[in-house]
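Below: one structure, written as structure tokens.
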Amino acid sequence: MDGESRRVDRALRGLYDFVSMGRSVKSDQNRDGLLKLRDAALQMGISFPTIKQWIYKNKIRSILTAGGHHRIPQSEVDKLLFRTRGGTEKERKQAVRRVSGRNQLVGRIDSVRISGLMAEVKISIGEQQITSIITATSAREMRLKPGQTAAALIKATEVMIIRV
């Protein structure tokens, strides 16, 4: 910047109040325990359009900001998680595992091959073998290993793996 533009910049600063907006360490939650819609939807495992519909239908309480944006209190998210997924962590895990029996095939893991971001999981079901490509992170989180029991969830053209 040359000297003249610095002088103009300083002169303009004198005309306006500059307030540092600062970024919080917790970007998904402000100091009042209010969540942005996307963050609340992510915590509840629902889509952004669904949470918007819940707000419009008064299924979930939201607070409007001065700018007209909706914020969801953390207590509201906790209340809905408790109601829909069970009171304890164990009950919530059981609720996740309850899936229609007609779209899951239980078998034994033959192999797990992790390469980069993806993992190839082969499951033997009877005399058949199903191969699924999932993320390496998912395979690691489920601690998938050959010999374990797992279920292949069939969804349209996808096959998902659940450790049983």
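Every number here is computed from the coordinates shown, using simple stated rules; none is lab data. Every value quoted in this text rests on a predicted model; they were computed, and no experiment measured them. Here the Cβ is made from the backbone with ideal geometry for all residues, glycine too, and neighbour counts use every protein chain on show.
Report the residues of segment 132-164 in range of a label on Asp110: point 7 Å along Cα→C-beta, backbone N strictly under 18 Å from it.
Correct set: 132-134, 144-154, 159-162.
Hey, rough spin-label estimate for Asn103 and Gln74, points 7 angstrom out along Cα→Cβ, what's it come to in nanometres?
Output for this residue pair reads 3.4 nm.
At what distance in nm do the modelled label points of Ile63 and Thr149 sit from each other, each positioned 7 Å from its Cα along Cα→Cβ?
With each label placed 7 Å out from Cα toward Cβ, I get 4.7 nm.
Would you mind calculating the relative contact order of segment 101-163 from Cα pairs under 8 angstrom and at least 6 residues apart, reporting the percent as a whole number?
In percent, rounded to a whole number, it is 36.
Arrange Asp39, Asp110 by Cβ neighbour counts within 10 Å, fewest through most, would you?
Starting with the residue having the fewest Cβ neighbours, the order is Asp110, Asp39.
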